[in-house]
Amino acid sequence: MIMEIFTWWNKQTLGTRVWSYFNGIAVGEDEYGNRYFSNKKDTKRWVIYGGQVEATTVNPQWNNWLRFTSIKKPEQAKAHDWQLEHKSNQTGTSEAYSPQPIFNNSVEKKKNDYEKWSPKD
């Protein structure tokens with residue numbers, strides 16, 4: 001409770017807890033434990049993160065709902081069999097995207113392909 005008073009990066013602040021209690025209607029929860037709320041008139045929508053406060057844990061369907069792009073709340077996260085499961089930002093992890101090198105990066109190949117220019121003294 002003390003952490004909620006002074007820090008916003010630990011799920012929610014005390015103000016968000018009070019606002020959600022008095023004005024919020026719980027709409028749903030996703031696979032990451034994020035809880036989604038709306039006010040009684042549905043003019044404001046917000047999320048309380050289940051773990052670390054990371055916006056990329058919100059899947060596209062819930063993101064559309066939060067931004068009023070979609071009126072209905074998401075029923076299921078995966079609507080089609082060709083869709084991949086949503087992943088949060090993987091930067092800095094072993095799962096981060098790394099494209100295959102286009103060129104052979106061996107040192108010998110570099111030496112043979114390019115001759116460095118040096119000015120004559």
Legend entry - Residue, surrounded by the fewest Cβ atoms within 10 Å (Cβ to Cβ), within the stretch 63-81, restricted to residues that are at pLDDT below 85 and among the small types (G, A, S): A79
Legend entry - Residues that are outside any loop (DSSP other than H, G, I, E, B) and touching a residue at least 40 places away in the same chain (Cβ under 8 Å), drawn from the stretch 12-39: V27, G28
Legend entry - Answer residue from the stretch 42-61, given it is within 12 Å of the chain's Cα centre (by Cα) and polar (S, T, N, Q) and is modelled with the lowest pLDDT among those: Q52
Inset, instruction - Answer yes or no: is there a residue in the stretch 40-49 that is in a loop (DSSP other than H, G, I, E, B), under 20 Å from Q12 (Cα atoms) and of a type in the set (F, W, Y). - result: yes
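The values are calculated or read from the model by the stated rules, or taken from the named source; none is laboratory data. All values reported here derive from a predicted model rather than from experimental measurement. All Cβ positions, glycine included, derive from the backbone under ideal geometry; neighbour counts span all protein chains shown.
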